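The structure appears below as structure tokens.
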Amino acid sequence: MEWTRLMVLDLAPGEVYAHASGECEWIVLPLSGACQVRCRALPNQASPAFEARGPGQSPGNGPEVFQLQGRTGVFDGVSDFAYLPRDAHAEITSESGGRFALAGARCETRLPARYGPAAAVPVELRGAGQCSRQLNNFAAAGPDGFDCDRLIAVEVLTPGGNWSSYPPHKHDEHHPGEESRLEEIYYFEIAPHGDTPGLGYQRVSPSPAGKTDILTEVRTGDAVLIPDGWHGPSMAAPGHDMYYLNVMAGPDAAREWLIRDHPDHGWIRGSWDGQDVDPRLPFSRTEDHR
């Protein structure tokens, strides 16, 4: 992938992971567990001054230190997170151990390291009926989103049996005001049923701008790379709730998420009028912005 990056860390109790940002900006997002993130600008790469400091952020000079409270698991609530700028060095430590995603994007502008509180994450219900899903828009684009240079990242939670990322849509061509160019990574975690591991399915079909053609089973820990193409649906098997982390970035000057629905399936949006959102939603606190 040219623009998007993703790493998933499984840290043992007390383990320290050293991370060099390089040419990318990153967000450290707890999937399960809590961690401490220490971030220091590399020599001769002074970080811009900034005024606002979150409750998980250390005061004063020296490395920025973020205490992320995290969560028990991805279905158990929204998490706080830490933003790491390009040209920096970070250490991620979890006293009790856990799993942590590093969502990244190649970028040009160096922004300050920051703390993102869970309480400030916009939560949205989208779709209706069997197309209902929940979005945790922790790093969405737009005037009210978390400020990044290139990176766009959200979490999507879909009740078992529902179709998410539907209708199929794409963002692989630049059409001002209509469609933006964005690569995308889907990282999945699927809820088990007792001792039975969860599973789901992901479809990506070729578009005029690309040839990506995928129909694959996905389980916890799997990722699907989408450099181009119509993507969707993401199908949650009945009895197995589906989580996926979306990581997006692209070459357009504006950081925006503009999509085009597949012409054969876009009509489904009109069928949602008058339907209720799946009563199993929300998984956590939310406001309905559908």
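The values are calculated or read from the model by the stated rules, or taken from the named source; none is laboratory data. Just so it is clear, the structure is predicted and the values come from calculations on it, not from any experiment. Note that we place each Cβ from the backbone using ideal geometry, even for glycine, and neighbour counts take in every protein chain shown. To get the accessible areas, we keep the full protein, side chains included, count just its heavy atoms, and leave off ligands, DNA and RNA. Shrake-Rupley method; radii C 1.70, N 1.55, O 1.52, S 1.80 Å.
Condition first: of a type outside the set (A, V, I, L, M), surrounded by fewer than 17 Cβ atoms within 10 Å (Cβ to Cβ) and under 18 Å from ASN137 (Cβ atoms). Can you find one or more residues in the range 260-272 that meet it? Lay out the reasoning, then the answer.
Step one: of the range 260-272, the residues of a type outside the set (A, V, I, L, M) are 260-267, 269-272.
Add one more test, that the residue is surrounded by fewer than 17 Cβ atoms within 10 Å (Cβ to Cβ), and what stays is 263-267, 269-272.
Subset that is under 18 Å from ASN137 (Cβ atoms): none.
There is no residue in the range 260-272 that is of a type outside the set (A, V, I, L, M), surrounded by fewer than 17 Cβ atoms within 10 Å (Cβ to Cβ) and under 18 Å from ASN137 (Cβ atoms).
In the list ASP252, ASP213, ASP172, which residue meets the criterion of being touching a Gly at 6+ places or on another chain (Cβ under 9 Å), open to solvent by less than 30 Å² (accessible area, probe 1.4 Å) and farther than 28 Å from SER79 by Cβ?
On the way: ASP252 fails: touching a Gly at 6+ places or on another chain (Cβ under 9 Å); ASP213 fails: open to solvent by less than 30 Å² (accessible area, probe 1.4 Å).
Testing whether each residue is touching a Gly at 6+ places or on another chain (Cβ under 9 Å), open to solvent by less than 30 Å² (accessible area, probe 1.4 Å) and farther than 28 Å from SER79 by Cβ leaves just ASP172.
The rows are residues; the columns are (1) closer than 23 Å to THR72 by Cα; (2) open to solvent by 20 Å² or more (accessible area, probe 1.4 Å); (3) modelled with pLDDT under 95; (4) among the hydrophobic types (A, V, I, L, M, F, W, C).
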{"residue": "GLU155", "(1), (2), (3), (4)": "yes, no, no, no"}
{"residue": "SER180", "(1), (2), (3), (4)": "no, no, no, no"}
{"residue": "GLY198", "(1), (2), (3), (4)": "yes, no, no, no"}
{"residue": "GLU217", "(1), (2), (3), (4)": "no, yes, no, no"}
{"residue": "LEU225", "(1), (2), (3), (4)": "no, yes, no, yes"}
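Tell me yes or no: at least one residue of the range 129-138 is in contact with an Asp or Glu (Cβ under 9 Å, 6 or more places away or on another chain), farther than 23 Å from VAL218 by Cα, in a loop (DSSP other than H, G, I, E, B) and touching a residue at least 12 places away in the same chain (Cβ under 8 Å).
Within the range 129-138 (the criterion being in contact with an Asp or Glu (Cβ under 9 Å, 6 or more places away or on another chain), farther than 23 Å from VAL218 by Cα, in a loop (DSSP other than H, G, I, E, B) and touching a residue at least 12 places away in the same chain (Cβ under 8 Å)), the answer is no, since none of the residues qualifies.
Return the only residue of GLY161, GLY142 being open to solvent by less than 30 Å² (accessible area, probe 1.4 Å) and not in a strand (DSSP E or B). Don't jump to the end; show me each part of the working.
Numbers: GLY142 fails: open to solvent by less than 30 Å² (accessible area, probe 1.4 Å).
GLY161 is the lone residue from the list that is open to solvent by less than 30 Å² (accessible area, probe 1.4 Å) and not in a strand (DSSP E or B).
What residue, among those in the range 1-42 that are of a type in the set (D, E, K, R) and more than 14 Å from ALA88 (Cβ to Cβ), is surrounded by the most Cβ atoms within 10 Å (Cβ to Cβ)?
Keep residues of the range 1-42 that are of a type in the set (D, E, K, R), which gives 2, 5, 10, 15, 23, 25, 38, 40.
From the residues that got through so far, the ones that are more than 14 Å from ALA88 (Cβ to Cβ) too are 2, 5, 10, 15.
Numbers: GLU2: 9, ARG5: 20, ASP10: 15, GLU15: 15.
The selected residue is ARG5.
Which count do you get for residues in the range 1-47 that are closer than 27 Å to ARG255 by Cβ, of a type in the set (A, V, I, L, M) and touching a Leu at 6+ places or on another chain (Cβ under 9 Å)?
Going through the range 1-47 one residue at a time, the tally reaches 11.
Of everything in the range 236-249 that's of a type in the set (Gly, Ala, Ser) and open to solvent by less than 40 Å² (accessible area, probe 1.4 Å), which residue is nearest to HIS171 (Cα to Cα)?
So in the range 236-249, the residues of a type in the set (Gly, Ala, Ser) come out as 236-237, 239, 249.
Right, trim to open to solvent by less than 40 Å² (accessible area, probe 1.4 Å) and you get 236-237, 249.
Working: ALA236: 23, ALA237: 26, ALA249: 10 Å.
Checking each candidate, the answer is ALA249.
Taking PHE188, is it among the aromatic types (Phe, Trp, Tyr), within 14 Å of the chain's Cα centre (by Cα) and open to solvent by 10 Å² or more (accessible area, probe 1.4 Å)?
Values: among the aromatic types (Phe, Trp, Tyr): yes; within 14 Å of the chain's Cα centre (by Cα): yes; open to solvent by 10 Å² or more (accessible area, probe 1.4 Å): no.
No.
Check every one of the strands (runs of 3 or more DSSP E) wholly within the range 61-114 and list those with 3 or more residues that are of a type outside the set (Gly, Ala, Ser) and open to solvent by less than 30 Å² (accessible area, probe 1.4 Å). If you could, list the steps in order and put the result at the bottom.
Details: elements: 64-71, 81-84, 88-93, 98-106.
Once the strands (runs of 3 or more DSSP E) in the range 61-114 are filtered for at least 3 residues that are of a type outside the set (Gly, Ala, Ser) and open to solvent by less than 30 Å² (accessible area, probe 1.4 Å), what remains is 64-71, 81-84.
List the number of the failed condition for TRP257; all other conditions in (1) open to solvent by 40 Å² or more (accessible area, probe 1.4 Å); (2) over 10 Å from LEU182 (Cβ atoms); (3) among the hydrophobic types (A, V, I, L, M, F, W, C) hold.
Just one mismatch for TRP257, condition (2).
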